[in-house]
1. Among the listed residues Ala113, Ala91, Ala33, which satisfies the condition of being surrounded by 11 or more Cβ atoms within 10 Å (Cβ to Cβ), in contact (Cβ under 8 Å) with a residue 60 or more places away in the chain and touching a Ser or Thr at 6+ places or on another chain (Cβ under 9 Å)?
2. Could you list all residues from region 94-105 that are farther than 16 Å from Leu24 by Cα, more than 14 Å from the chain's Cα centre (by Cα) and in contact (Cβ under 8 Å) with a residue 12 or more places away in the chain?
3. As an exercise: evaluate Ser87 against (1) within 25 Å of Phe17 (Cβ to Cβ); (2) out of contact with any strand residue (DSSP E or B) (no Cβ under 6 Å at 6 or more places or on another chain); (3) part of a loop (DSSP other than H, G, I, E, B) and give the number of the one condition it does not meet.
4. Among the residues of region 6-26, write down those that are farther than 16 Å from Thr58 by Cβ and in a loop (DSSP other than H, G, I, E, B).
5. Output the number of residues of region 57-92 satisfying the condition of being aliphatic (A, V, I, L, M), at pLDDT below 95 and either over 19 Å from Ile135 (Cβ atoms) or in contact with a Pro (Cβ under 7 Å, 6 or more places away or on another chain) (or both).
6. On the basis of being out of contact with any strand residue (DSSP E or B) (no Cβ under 9 Å at 6 or more places or on another chain) and in contact (Cβ under 8 Å) with a residue 60 or more places away in the chain, does Lys81 make the cut?
7. Do you know which residues across region 17-68 are over 27 Å from Arg139 (Cβ atoms), in contact with a strand residue (DSSP E or B) (Cβ under 7 Å, 6 or more places away or on another chain) and aromatic (Phe, Trp, Tyr)?
8. So which of Val31, Val95 ends up being touching an Asp or Glu at 6+ places or on another chain (Cβ under 6 Å), under 26 Å from Thr123 (Cβ atoms) and modelled with pLDDT of 95 or more?
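The values are calculated or read from the model by the stated rules, or taken from the named source; none is laboratory data. It should be emphasised that the depicted structure is a prediction, and the values quoted were computed from it without experimental measurement. We place every Cβ from the backbone using ideal geometry, glycine too, and count neighbours over all the protein chains shown.
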Amino acid sequence: MPEYMKLGTHLKVKDFFKSLDFYLKLGFKPVFAYGDEQYLAKYAQNIPHAAERYRGMTFEIGGGPFEIADGHVAVKPDVFKLRIESSKVSAMIDVDSIEKIINICERNGFEIAKGRVKYPWGTEELVVRDPDGFIIVFREFSK
């Protein structure tokens, strides 16, 4: 059996700058960018980057990559125009404080799809929907 090292997510976004703003305001850490010269000059000053026909940003979360982009050589352009209408696939991100996430969401008008819930297995969770409809479940473990 192979040894799996990391799990990453690549999100194809409709409005790149709206999504970028969303994830930056949540405090996601950029580690790589690609795109046109103007975009790279503004957003990739202190991280590795590459010129590309479309824009993208890779963040690191818990050692794994989370990438957003408004284009990809192997993906049909119409895919990027679609809104995610289902919560069939979601991401879970463990955090030190659900309250901090709530404050960020309220301050920026981000959609909280399901408010704070305490579960018997020891987590407190908050469900947030990104600009494309992607569901992120933030989890704080009981101390």
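1. Numbers: Ala113 fails: in contact (Cβ under 8 Å) with a residue 60 or more places away in the chain; Ala33 fails: in contact (Cβ under 8 Å) with a residue 60 or more places away in the chain.
That would be Ala91, the only listed residue that is surrounded by 11 or more Cβ atoms within 10 Å (Cβ to Cβ), in contact (Cβ under 8 Å) with a residue 60 or more places away in the chain and touching a Ser or Thr at 6+ places or on another chain (Cβ under 9 Å).
2. Of region 94-105, the ones farther than 16 Å from Leu24 by Cα are 94, 96-99.
If we keep only those that are more than 14 Å from the chain's Cα centre (by Cα) too, we end up with 96-99.
Asp96, Ser97, Ile98 - these are the residues of region 94-105 that are farther than 16 Å from Leu24 by Cα, more than 14 Å from the chain's Cα centre (by Cα) and in contact (Cβ under 8 Å) with a residue 12 or more places away in the chain.
3. Status for Ser87: all satisfied but (2).
4. If the condition is that a residue be farther than 16 Å from Thr58 by Cβ and in a loop (DSSP other than H, G, I, E, B), then Lys14, Asp15 are the ones that fit.
5. Result for region 57-92: 3.
6. Details: out of contact with any strand residue (DSSP E or B) (no Cβ under 9 Å at 6 or more places or on another chain): yes; in contact (Cβ under 8 Å) with a residue 60 or more places away in the chain: yes.
The answer is yes for Lys81.
7. Tyr34, Tyr43, Tyr54
8. Details: Val31 fails: under 26 Å from Thr123 (Cβ atoms).
Of Val31, Val95, the one residue that is touching an Asp or Glu at 6+ places or on another chain (Cβ under 6 Å), under 26 Å from Thr123 (Cβ atoms) and modelled with pLDDT of 95 or more is Val95.
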